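The block underneath contains the structure these notes are about, expressed in structure tokens.
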Amino acid sequence: MLNDDDLNRYSRQVIIPNFDEEGQKNLLKTKCLIVGAGGLGCPVALYASAAGFGHIEIYDQDVIEISNLNRQIAHKNDHIGNNKAENLVQECLKLNPNISILSKKNIFDETTDISNFDLIFDCSDNPETKYILNYLSHKCKKILIFGSAVQMEGQLAIWKSGLNKDLPCYECVFPKSNEKPPISNCREAGIIGPVTGLIGSMQVNEAIKEIALKDYQSSAGNLFLYDGLTLNIDKIKLVKNQHCPVCSK
Ligand SMILES: [Zn+2]
């Protein structure tokens, strides 16, 4: 049974068909890892906290700079110089003090133990971390919810290759290459805040579907491309790479 405070707090989502109290209980039991407390991590952590994901851990070693504030919406002017993960945790607790939420200032790398989590949010901004998250999530059979945004474009995908051998992983679709990749980070290429806000919101939308809804259609196996200039969202059906070094064995 949910207590009275939780029933009130989550009442507007619990009344949705296929959600119900059971869905809320499932959210409250879920352990989420959020890697990155920036443009994607801020909306992801705020919406995940508000929805009542009961256990959240946020990784980021960076400190808040003034140039982050056009998009990293939980961080405020008087937070400049603070660690991003610590600050985001404090802002999430103001929104929902009933959840358990922790920050980690360590580097997230392949030695990080993700076995205790149910769901991983990739809110990182570099390919190295995305490959590590993909490898660990596949190996430990976790749901990985990937987001990425640059300039006025965003990408979203749900990776479940460890849970279903027919589904592709991140590296099937974005194989490692020795060629220098095109500039794709916000520092060099630029980004507008609403694009990260939208993609981050969609990441939590998908997480709620995966954890709380009965009779839902998973978006795993597709890549969604958002274009902020035309407002188009393209849905691309993905195929598994039968020679993928991560998920084909
Ligand atoms: Zn793969």
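Those residues that are assigned to a loop (DSSP other than H, G, I, E, B) and surrounded by 18 or more Cβ atoms within 10 Å (Cβ to Cβ), I need them from the range 74-101; list them, please. Don't jump to the end; show me each part of the working.
So in the range 74-101, the residues assigned to a loop (DSSP other than H, G, I, E, B) come out as 74-76, 80-82, 96-99.
A74, H75, N96, I99, listed by residue number.
Sort out which residues of the range 148-167 are more than 14 Å from Q203 (Cβ to Cβ), out of contact with any Gly (no Cβ under 7 Å at 6 or more places or on another chain) and of a type outside the set (G, A, S), and write them in order of number. Explain how you work it out, then say what you get.
The initial filter retains those residues of the range 148-167 that are more than 14 Å from Q203 (Cβ to Cβ), namely 150-153, 160-167.
After this cut, where a residue has to be out of contact with any Gly (no Cβ under 7 Å at 6 or more places or on another chain) as well, the list is 150, 160-166.
Passing the criteria: V150, K160, L163, N164, K165, D166.
Going by the conditions given, is V195 of a type in the set (V, I, T) and part of a helix (DSSP H, G or I)?
On the way: of a type in the set (V, I, T): yes; part of a helix (DSSP H, G or I): yes.
The answer is yes for V195.
Going through the range 207-226 one residue at a time, which ones are more than 16 Å from the ligand (Cβ to nearest atom) and in contact with a strand residue (DSSP E or B) (Cβ under 6 Å, 6 or more places away or on another chain)? Break it down stepwise before answering.
Filtering the range 207-226 for residues more than 16 Å from the ligand (Cβ to nearest atom) gives 207-219, 224-226.
Those that are more than 16 Å from the ligand (Cβ to nearest atom) and in contact with a strand residue (DSSP E or B) (Cβ under 6 Å, 6 or more places away or on another chain): A207, E210, S219, F224, L225, Y226.
I'm told T230 meets every condition in (1) more than 16 Å from the ligand (Cβ to nearest atom); (2) under 20 Å from the mean Cα position of the chain (by Cα); (3) polar (S, T, N, Q) except one. Can you identify the failing condition by its number?
T230 satisfies all of (1) more than 16 Å from the ligand (Cβ to nearest atom); (2) under 20 Å from the mean Cα position of the chain (by Cα); (3) polar (S, T, N, Q) except (2).
Suppose the filter is out of contact with any strand residue (DSSP E or B) (no Cβ under 6 Å at 6 or more places or on another chain) and modelled with pLDDT of 95 or more; does V195 pass it?
Working: out of contact with any strand residue (DSSP E or B) (no Cβ under 6 Å at 6 or more places or on another chain): no; modelled with pLDDT of 95 or more: yes.
For V195, the condition - out of contact with any strand residue (DSSP E or B) (no Cβ under 6 Å at 6 or more places or on another chain) and modelled with pLDDT of 95 or more - is not met.
Filter the range 202-237 for residues that are outside any loop (DSSP other than H, G, I, E, B) and over 25 Å from N164 (Cα atoms) and give the result. Explain how you work it out, then say what you get.
Let us first name the residues in the range 202-237 that are outside any loop (DSSP other than H, G, I, E, B), namely 202-212, 222-227, 232-237.
Once the filter is applied, which keeps residues that are outside any loop (DSSP other than H, G, I, E, B) and over 25 Å from N164 (Cα atoms), the range 202-237 yields Y226, D227, N232, I233.
Quick grid of which residues meet (1) more than 16 Å from the ligand (Cβ to nearest atom); (2) closer than 30 Å to R12 by Cα; (3) crowded, with 19+ Cβ neighbours inside 10 Å; (4) among the acidic types (D, E):
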{"site": "Q151", "(1), (2), (3), (4)": "yes, no, no, no"}
{"site": "P175", "(1), (2), (3), (4)": "no, no, no, no"}
{"site": "N185", "(1), (2), (3), (4)": "yes, no, no, no"}
{"site": "N205", "(1), (2), (3), (4)": "yes, yes, no, no"}
{"site": "K235", "(1), (2), (3), (4)": "yes, yes, no, no"}
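In contact with a Cys (Cβ under 9 Å, 6 or more places away or on another chain), assigned to a loop (DSSP other than H, G, I, E, B) and under 23 Å from I120 (Cβ atoms): does that describe K240? Reasoning before the result, please.
Values: in contact with a Cys (Cβ under 9 Å, 6 or more places away or on another chain): yes; assigned to a loop (DSSP other than H, G, I, E, B): yes; under 23 Å from I120 (Cβ atoms): yes.
Taking the combined requirement at face value, the residue satisfies it.
Matching residues to (1) under 13 Å from the mean Cα position of the chain (by Cα); (2) over 28 Å from T111 (Cβ atoms):
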position: L136; (1), (2): no, no
position: L144; (1), (2): yes, no
position: M152; (1), (2): no, yes
position: V173; (1), (2): no, no
position: A189; (1), (2): no, yes
position: Q203; (1), (2): yes, no
position: Y216; (1), (2): no, yes
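So how many residues does the range 204-220 have that are in contact (Cβ under 8 Å) with a residue 60 or more places away in the chain and within 15 Å of E22 (Cα to Cα)?
Residues that pass the stated criteria total 8.
Examine the range 129-145 for a residue that is among the aromatic types (F, W, Y), within 16 Å of the ligand (Cβ to nearest atom) and under 17 Å from S219 (Cα atoms), and state whether such a residue exists.
Looking only at the range 129-145, we keep the residues that are among the aromatic types (F, W, Y), and these are 131, 135.
Okay, now just the ones that are also within 16 Å of the ligand (Cβ to nearest atom), so 131, 135.
Retained after the next criterion (residues that are under 17 Å from S219 (Cα atoms)): none.
The answer is no; no qualifying residue exists.
Would you confirm whether any residue within the range 1-15 is of a type in the set (V, I, T) and touching a residue at least 24 places away in the same chain (Cβ under 8 Å)?
Checked against the condition, which is being of a type in the set (V, I, T) and touching a residue at least 24 places away in the same chain (Cβ under 8 Å), the range 1-15 yields no hits at all.
Condition (residue is modelled with pLDDT of 95 or more and under 23 Å from L27 (Cα atoms)) applied to the range 149-156: is it met by at least one residue?
Among the residues of the range 149-156, at least one is modelled with pLDDT of 95 or more and under 23 Å from L27 (Cα atoms), which makes the answer yes.
The values are calculated or read from the model by the stated rules, or taken from the named source; none is laboratory data. Just so it is clear, the model here is predicted, and its values are computed rather than measured. Every residue, glycine as well, gets a Cβ built from its backbone with ideal geometry; the counts of neighbours run over all protein chains shown.
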